[in-house]
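The next block holds one structure in the form of C-alpha cells; read it before the comments.
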Amino acid sequence: MKIFLTGAAGFIGSNVARALLARGDSVVGLDDYNDFYDPAIKRRNVEELSKLGGDFSVVEGDLRLHGDVSKALGDGADVVVNLAARAGVRPSLEQPLLYTDTNVRGLVNVLEAMRERGLKKLVHASSSSVYGGQEKVPFSEDDPILRPWSPYAATKRSNELMLSTWNHLYGIESHALRFFTVFGPGQRPDLAIAKFIKLIEQDKPIPFFGDGTTGRDYTFIDDIVEGVVASIDRVAGCEIINLGGDEPVTLTEMVHTIEKVMGKQAKLDHKPVQPGDVPRTMADVGKAKRMLGYEPKTSFAEGVGKQYEWWKNSGL
C-alpha cells in the first residue's frame, strides 16, 4: 500500500514507518522538525529510515498550512496516518493557542486534503488524556468524555468529534487510536522515563510530582506499532480504540523499576502535583483485541530494560 504519514520523523511515527517499509509498503511522510525537542533527533530518525532501502520520503512542511499538507499528499494514498501533533499536557497549559492551531486545524487540513482527493481511509493518533480525571477504571471507549483536564486533551477530544463529522458528511472512515503513555527505545526526551534515565545517570535529582501514587498505563513502542499497523489494514467505519499496555504502574513503581534496571538509586526532587496531570490511566483494550487482534506483549520492566540499553548506545 501507499501510506501518507504525518509526524513521520517523531518517536512513534518513525517506528511505524519502519514497520511499514519492512513489509514492503510505500511511505510518504510529512514533518516540520519543530523544536519541541531537539530537531536533530528527528532528522536522525529520518536518516536511519532512508538507509533501509524501501520506498520512503519525507516532505518538510507545517501541518497548520493546508498548502503544505496538500503538496505532501500529492496524488493521494491508500491510507492516511495522522500522527503529527503538539504533544504533552503541561506544555499545552503554557501554549494553548499553539496546541489548538496545530492539533485541531492540522487535522482539519488533513481531512480536507483527503476530501478534495476522494480519499476514505484515515488512522489518527488520539490520547488517553481525553479521559481526564475519571475515577472509573479501566477506561473504556464508551465512557462519556465531558471534562478533559488540559488544552492538549481537549484538542484530542475535538479531533475525535471532527472525525465523526467528516465521516457523516463525506464518508471518510477512521480509527482514532487512544495511545496510553508510549515508551521504549527512541522515546521523546521530554517524557518521564527518558528524562529519569538521563538524570539518574548524571547523578542529578529527578522531579517527583505528588506522593508517588499517580499511575500510568505504559505501552511499549513495539506494541503500539503493531496496533497502528493493524488499524491501517482494518480501518473502517468511525471508531475510537484504546491502545494500552494493560499494566498500570505507579510513579513510585516506575522509579524503582528504573533504579533496578540501571543499578543506581535515584535522587528525588519532591514537587506538588502539576495542574492538568490526571491521577491514573488504565486502558480497557478489549475492543482493540476484538477489532485489531491487539495483544500487548512487552512488560514494563522488560521495556525499561530495552530502553536503557538503547540509550546507553545512542549518544544522547
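What follows is calculated from the coordinates using simple rules that are stated; it is not laboratory data. Just so we're clear, the structure is a prediction, and the values are computed from it rather than from any experiment. Because the Cβ atoms are built from the backbone with ideal geometry, glycine has one as well, and the counts that use them run over all protein chains shown.
Over all pairs of distinct alpha carbons, what does the Kirkwood formula give as the hydrodynamic radius of region 229-270, in Å? All intermediate terms of the calculation are to be shown ahead of the outcome.
Details: mean 1/r = 0.0721 Å⁻¹.
Its Kirkwood hydrodynamic radius stands at 13.9 Å.
Counting pairs of alpha carbon atoms under 8 Å apart in space and at least six apart in sequence, what relative contact order in percent does the chain give? Let's see the in-between values first.
Working: 624 pairs, mean separation 56.4, N = 316.
Computed over the chain, the figure is 18 percent.
Amide H to amide H, which residues 5 or more places from LEU268 or on other chains are under 5 Å from it, using H placed in the peptide plane?
ILE206
What number, in percent, do you get for the relative contact order of region 12-55 if the mean sequence gap of Cα pairs under 8 Å and at least 6 apart is divided by its residue count? Numbers along the way, then the final one.
Working: 21 pairs, mean separation 23.3, N = 44.
Relative contact order of region 12-55: 53 percent.
For region 53-98, what is the per residue volume of the convex hull drawn over the alpha-carbon atoms, in cubic angstrom?
Details: hull volume 5.3 nm³, N = 46.
Normalising the Cα hull of region 53-98 by residue number yields 115 Å³.
Would you mind telling me which residue in PHE183, PHE209, PHE220 has the biggest mean-square fluctuation in a Gaussian network model of the chain, where springs connect alpha carbons within a distance under 10 angstrom?
Ranking PHE183, PHE209, PHE220 by mean-square fluctuation puts PHE209 first.
To the nearest 20 Debye, how big is the dipole of region 144-256 about its Cα centre, given +1 on the beta carbon of each Lys and Arg and -1 on that of each Asp and Glu?
Values: 10 positive and 15 negative charges, 103 e Å.
Roughly 500 debye, rounded to the nearest 20.
List the GluC sites (Glu not before Pro) within region 243-316 that fall in a DSSP loop (any state other than H, G, I, E or B) and whose Cβ has at most 13 other Cβ atoms within 10 Å. Kindly include the intermediate steps, with their values, before the conclusion.
Values: sites: GLU253, GLU259, GLU302, GLU309; in loops: none.
Those that pass, being in a loop and sparsely packed, number zero.
Based only on other Cβ atoms within 10 Å, what is the fewest-to-most ordering of HIS270, HIS124?
Values: HIS270 11, HIS124 25.
Result, fewest neighbours first: HIS270, HIS124.
What residue among SER50, SER127, SER314 has its Cα farthest toward the positive end of the dipole of the chain, where the charges are +1 on Lys, Arg and -1 on Asp, Glu, each on the Cβ?
Comparing the listed Cα positions along the dipole, SER314 ranks first.
With a ≥ b ≥ c the root eigenvalues of the C-alpha gyration tensor of region 84-187, is it rounded (a/c under 1.5), prolate (a/b larger than b/c) or oblate?
On the way: a/c = 1.68, a/b = 1.40, b/c = 1.20.
Prolate, because a/c is 1.5 or more and a/b exceeds b/c.
Would you mind ranking HIS256, HIS168 so that the residue whose beta carbon has the fewest other beta carbons within 10 Å leads the list? Write out the running numbers ahead of the final one.
Numbers: HIS256 16, HIS168 10.
Sorted ascending by nearby Cβ count, the order is HIS168, HIS256.
Using +1 on the beta carbon of Lys and Arg, -1 on that of Asp and Glu, and nothing else charged, what's the dipole of the chain about the Cα centre, debye to 20?
On the way: 38 positive and 43 negative charges, 29 e Å.
Value, rounded to 20: 140 debye.
Which GluC sites (Glu not before Pro) from region 90-157 combine a DSSP loop assignment with at most 12 other Cβ atoms within 10 Å? Write down the numbers at each step before the final one.
Values: sites: GLU94, GLU112, GLU116, GLU135, GLU141; in loops: GLU135, GLU141.
Sites meeting the loop and neighbour criteria: GLU135.
I want to verify a result. In a Gaussian network model of the chain, Cα cutoff 10 Å, which of these has the top mean-square fluctuation: TYR131, TYR218, TYR33?
Of the options given, TYR33 has the highest mean-square fluctuation.
Compute the Rg to Rh ratio over the chain from the alpha carbon atoms, using the Kirkwood formula for Rh, and round to two decimal places. The partial results should precede the final answer.
On the way: Rg = 18.7 Å, Rh = 19.7 Å.
Expressed as Rg/Rh, it is 0.95.
Run the numbers on region 25-130 and let me know its relative contact order in percent, using alpha-carbon pairs under 8 Å that are six or more apart.
Numbers: 113 pairs, mean separation 31.0, N = 106.
So the answer I get is 29 percent.
Leaving out same-chain residues fewer than 8 places away, which aspartates and glutamates sit with a Cα under 17 Å from that of LYS120?
Excluding near neighbours in sequence, the set is ASP75, ASP78, GLU112, GLU160, GLU173, ASP233, GLU239.
Can you tell which of MET114, SER150, VAL28 lies farthest toward the positive end of the dipole of the chain, using +1 and -1 charges on the Cβ of basic and acidic side chains (Lys, Arg; Asp, Glu)?
It is SER150.
When the dipole is taken about the Cα centre of region 181-245, and only Lys, Arg (+1) and Asp, Glu (-1) are charged at their Cβ, what size is it in debye, to the nearest 20? Don't skip to the end; give the middle numbers.
Working: 6 positive and 10 negative charges, 48 e Å.
Around 240 debye, computed over region 181-245.
In region 222-316, what is the count of Lys pairs whose alpha carbons are under 17 Å apart, counting only pairs at least 8 residues apart or on separate chains? Intermediate values should be presented prior to the final figure.
Values: LYS260/LYS306; LYS260/LYS312; LYS264/LYS306; LYS264/LYS312; LYS287/LYS297; LYS289/LYS297; LYS297/LYS306.
Number of lysine pairs found: 7.
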